[in-house]
Amino acid sequence: MGKVMSKTTGQTIDAVESSNDLKWLISCGVITVLAVALRFVHLGLKPFHHDEGVNGWFLTNLFREGSYKYDPANYHGPTLYYISLAFVNLFGLETLPVRWSVAIWGVLMVVFAFWLRRYIGDIGSLFAALFLALSPGMVYISRYFIHEIFFVFLALAVVVAIVQFIEREKAGPFAIAWTAIILLACFIPSASRIAEIATESGTITHTIFWIFLFVVQAVFVFFAVRILIAWRDGRPIYFLLAASSVALMFATKETGFITLGTMLIAIGCVLFWERIGRTNFFADKPINKLAAIAALPILAAIYRYEAVLDGIRWIGEEFVSGTEHDATIRYLILILLVATFAALISFGVRTIQINKNETVFSDPTWEKFHSAMGSGIDLLLIYLAAAVVFGFVWTLFFTSFFAYPKGIIRSIEAYAIWTKTGTKDHTQSGNFGYLKWMMEIDAPLLIMSALGLVIALFRTKHRFALFAGMWAFGLFIAYSIIPYKTPWLMLSFTLPMCIVAGYAINELATSKELWSRASAGILAILSCVILAWQTYDLNFVNYDNERLPYVYAHTDREFLAMVADIERFAEVAGTSREAKIQIVSPDYWPLVWYLRDYKNAAFHGRMADAANAEVIITKKNQQDAEATRRFGNDYEYHASYKLRPGVELVLFVRKDLAKAQENAN
């Protein structure tokens, strides 16, 4: 058979596709390197947040004592600590390895976006990944030791696993590798626990026995994976990966049901819209579809006209009369808004005039899903296997690898506790808190994803893009309605916003119209410039500036100076890590993490005797008078340090040490 030639270049179609694939792969590599750099470079720059300090305390106990018990009253799930445990076992209980254990999932989220190429296009997948790589919020929280990034990664993992299950008839090497890694990760802690019970820790016998157990489990994993590959060429592996990801979501944060529930609603909306889109009323008259798309936001704006007016007033105050520091970025956001609106109008007009100009994607459908599930015994087995995987992973983590059986009951209690928390804590931002925060720090993603959703609503056959849009704005609305608001919750809808924003760029860039292609370039450049600058500013300059949305009650950089002073006076005293440190301030997190190696650091949280400590830490203003009365004879004021907004700590140093330090200088 002769080779098909391209009319424009004279090359074979295979050669053109191979060249495009190479360019796409190189672009993937560049974006991945960018994601790694933004998440790993200067990772210790900002001090631990209060929440990082608490998580660090749990991790320290798990690392040193081998114990962790899930408590739903104040804290999220156990996965974060066990993942981090692997890193600190390899690299030590230090700030960088702990944060590496989170940053890696931020990078993998970017990589997973490339797997959406078949559903949002070559350009779409690249820009979805680029937006994820550049998002100021995604980068900021990827550099935090909290649960959110792994949780959001798992949401994407569920989606990727399901679409791969629908589209692929045979398991790929990455799916097989992930399955083996998850199985090993599930079994290794149990091997360690058995080895500790059966032998004395630190002995050669203990090491040999642990290696023996690991080899046994590795062999078991090998044969388990072999069996899965033999089952329908391994296709069910994707469904089981989705099931394990869902279980891990619940074992990470209690908000998993909000994300998964929104996904299911989004699927229903896609099916409904596709069905009515096939009717003559919409199929033959695109103007009717345009009217239907515009009707809902217009009616909502009329119903809440006072809130809309407040929003317009806020935009005017923030973007027109904003501070000089942000003036350039704010004006660029305004230009982006205008350019997006112009692109949308142009797209709408062209779609009405030419109703057959859709890019063809390999979209997952309900029929394909049913076919992939199989029938008869296969259908029963796949549901049974998924249920077993889900239950096993859930039980494994909440029971701390079978060491804390009550964890199962406590995991159920969590939902009653967090339902109450969601209505009374962190409620000061109001219903429009996330809208304002997004416009301040991730505006291009909000704007471009809105454009992508509208395009997907027109392109009825672009089911995955429409699902991503519904998922994004469904979560945006859900979290806006819930009174509880913290900035990191925005990442749950920032993820699908990046996907549908990439799709928007793809649709404009691949259009036959010159204006659409030009607008794609303008919107892409504006979006990337804004995101890149805000990411640099937020993560490497103003990472403790409380004016920025993601800097939420964050520890001030002055805090690290206090830690350095404590370490210096401990060295002057000659006691080093044996130094006595009295912390009487009621506010001290994340100091527990930074003093984890000081055995004689006492966190009283209230006034206590000096006990001949080298240094004493009090709270400024609240404890000044009593501190002077109690410690004035033997200690002298050294300095005060900002802990976080509204809280300052004071360092008192024993007079003999202060004099010795002065003489040394």
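General remarks:
- Residue-count net charge about Phe214 - beta-carbon cut-off 15 Å; Lys, Arg +1, Asp, Glu -1: 0
- Considering only the chain, percent of DSSP beta bridges that pair antiparallel, nearest 5: 70 percent
- Interchain or long-range residues, amide H under 5 Å from Arg644's placed H: Asp556
- For segment 501-551, the gyration tensor built on C-alpha atoms gives a prolate shape. Its axis ratio a/c (a ≥ b ≥ c) is at least 1.5, and a/b is the larger of a/b and b/c.
- Each eigenvalue of the Cα gyration tensor of segment 152-211, multiplied by 5 and square-rooted, gives one semi-axis; in descending order these are 37, 12, 7 Å.
- Within-15-Å neighbourhood charge of Ser27 [Cβ basis; K, R +1; D, E -1]: 0
- Share of carbon and sulfur in the accessible heavy-atom surface of the chain [1.4 Å probe, %]: 64 percent
- Restriction of the GluC sites (Glu not before Pro) in segment 528-585 to DSSP coil positions whose beta-carbon has at most 14 other beta-carbons within 10 angstrom yields Glu546.
- Dividing the summed helix terms, -39500 (n - 2.57) for each DSSP H run of n ≥ 4, by the number of residues in the chain produces a 222 nm estimate of -22000 deg cm²/dmol to the nearest 500.
- Segment 636-665-segment 131-190 distance, computed between alpha-carbon centres (Å): 46 Å
- Estimated Rh, the chain: Kirkwood, alpha-carbon pairs, angstrom: 27.6 Å
- Qualifying GluC sites (Glu not before Pro) for segment 124-223 [loop in DSSP, other Cβ within 10 Å: at most 13]: Glu169, Glu200
- Low-density loop positions, GluC sites (Glu not before Pro), segment 52-139 - DSSP coil, at most 13 other Cβ in 10 Å: Glu94
- Expressed per residue, the C-alpha convex hull volume of segment 528-607 stands at 105 Å³.
- Extents of segment 55-124, taken as max minus min of Cα coordinates on every principal axis and listed largest first, are 49, 30, 15 Å.
- Projected label points at Tyr536 and Ala660, each 7 Å from Cα along the beta carbon direction, are separated by 4.6 nanometres.
- Inter-label distance, nm, simple model (7 Å from Cα along the C-beta direction), Ala37/Glu513: 3.6 nm
- On the principal axes of its alpha carbon atoms, segment 603-664 extends 35, 22, 20 Å, with the longest extent given first.
- Lys-Lys pairs in segment 603-665 that are eight or more residues apart or on separate chains and whose Cα atoms lie under 20 Å of each other come to 4.
- Between helix 173-198 and the chain: long-axis angle, C-alpha atoms, 0 to 90°, nearest 10: 30 degrees
- Looking at segment 447-580, the pairs of alpha carbons with a distance over 22 Å make up 58% of the total.
- Angle in degrees between helix 148-167 and the longest Cα principal axis of the chain, rounded to the nearest 10: 30 degrees
- Sorted on the mean count of surrounding Cβ atoms within 10 Å across their residues, most packed first, peptides 390-397, 20-27 read 390-397, 20-27.
- Taken as Cα centroids, segment 377-410 and segment 437-467 sit 36 Å apart, rounded to the nearest whole angstrom.
- Angle between the chain longest axis and helix 95-113 axis [Cα atoms, degrees, rounded to 10]: 0 degrees
- In the full protein context, the chain carries 46 Å² of accessible surface per residue, based on a 1.4 Å probe and ignoring ligands, DNA and RNA.
- In terms of its C-alpha gyration tensor, segment 572-614 has an oblate overall shape, because the principal axis ratio a/c (a ≥ b ≥ c, square roots of the eigenvalues) is not below 1.5 and a/b does not outweigh b/c.
- Fully extended contour minus Cα-Cα distance, from Phe603 to Lys69, at 0.36 nm per residue: 190.1 nm
- Rotationally averaged projected area of segment 73-218 (alpha carbon convex hull; nm²): 11.6 nm²
The values are calculated or read from the model by the stated rules, or taken from the named source; none is laboratory data. As the structure is a computational prediction, the values presented were derived from the model and not from experiment. Glycine gets a Cβ as well: all are built from the backbone with ideal geometry, and neighbour counts include every protein chain shown. Remember, those area values only see protein heavy atoms, side chains included, never the ligands or the DNA or RNA. Shrake-Rupley method; radii C 1.70, N 1.55, O 1.52, S 1.80 Å.
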